[in-house]
1. Find the strands (runs of 3 or more DSSP E) located wholly in the stretch 1-61 whose residues include 2 or more that are more than 14 Å from the chain's Cα centre (by Cα), basic (Lys, Arg) and within 16 Å of GLY95 (Cβ to Cβ), and list them.
2. Filtering the stretch 124-146 down to residues that are under 13 Å from THR85 (Cα atoms) and in a strand (DSSP E or B), which residue is farthest from the chain's Cα centre (by Cα)?
3. I'd like to check something: does the stretch 88-97 contain any residue that is modelled with pLDDT of 95 or more, closer than 17 Å to ILE144 by Cβ, among the hydroxyl-bearing types (Ser, Thr, Tyr) and part of a loop (DSSP other than H, G, I, E, B)?
4. What are the pairs with Cβ atoms under 7 angstrom where one residue, in the stretch 56-83, is over 23 Å from ILE5 (Cβ atoms) and the other, located anywhere, is modelled with pLDDT of 90 or more and in a loop (DSSP other than H, G, I, E, B)? Sequence gap at least six, or different chains.
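The values are calculated or read from the model by the stated rules, or taken from the named source; none is laboratory data. Keep in mind the model is a prediction, meaning the values are calculated, not measured. For neighbour counting, all protein chains shown are included, and Cβ atoms are generated from backbone atoms with ideal geometry for every residue, glycine included.
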Amino acid sequence: MARLIEGKALAVCISERKGTKKHPVDCIDLKINHGIVGDAHAGDWHRQISLLADESVDKMRSTGIDLSAGDFAENILTQGVELKTLAIGTKINIGNAVIEVTQIGKECHNDCEIKKITGKCVMPTEGIFAKVITEGTIKAGDSILIEV
């Protein structure tokens, strides 16, 4: 039997250049075969959008480091969804858009600022990546619905 997971988007972020932190914006526009309009990581590939749970960021905050939305280069900071447990292929409804999970975790870059400061980073094990299935706009506060 399917169950419904509900959460929300706490922040939406972009970066204009690769290799930099992302910064919060009012909203992000998602396009099929592209990803987020205006984000440096947009393109026709499987990692168009990155998501990280605020609960994961809290683990790093507990080390005493002050962290803000986008510091892990995540496009969408979520709350209430244990992202790392979602299966590849899971559809996520956020605002009026739909994205599909394509990858769990990633290799952390050696020049990762968070890793330099703390010696570890949560994005490699707890961040996820997705591609756009249904175009739309997402803003902070939008609900997240996932049927699993």
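1. Working: elements: 4-14, 23-25, 27-31, 49-53.
Where strands (runs of 3 or more DSSP E) fall fully within the stretch 1-61, none carries at least 2 residues being more than 14 Å from the chain's Cα centre (by Cα), basic (Lys, Arg) and within 16 Å of GLY95 (Cβ to Cβ).
2. Among those residues, the one meeting the criterion is ILE146.
3. Looking through the stretch 88-97, at least one residue is modelled with pLDDT of 95 or more, closer than 17 Å to ILE144 by Cβ, among the hydroxyl-bearing types (Ser, Thr, Tyr) and part of a loop (DSSP other than H, G, I, E, B).
4. Filtered contacts from the stretch 56-83: GLY70/LYS22; ALA73/SER15; ALA73/LYS22.
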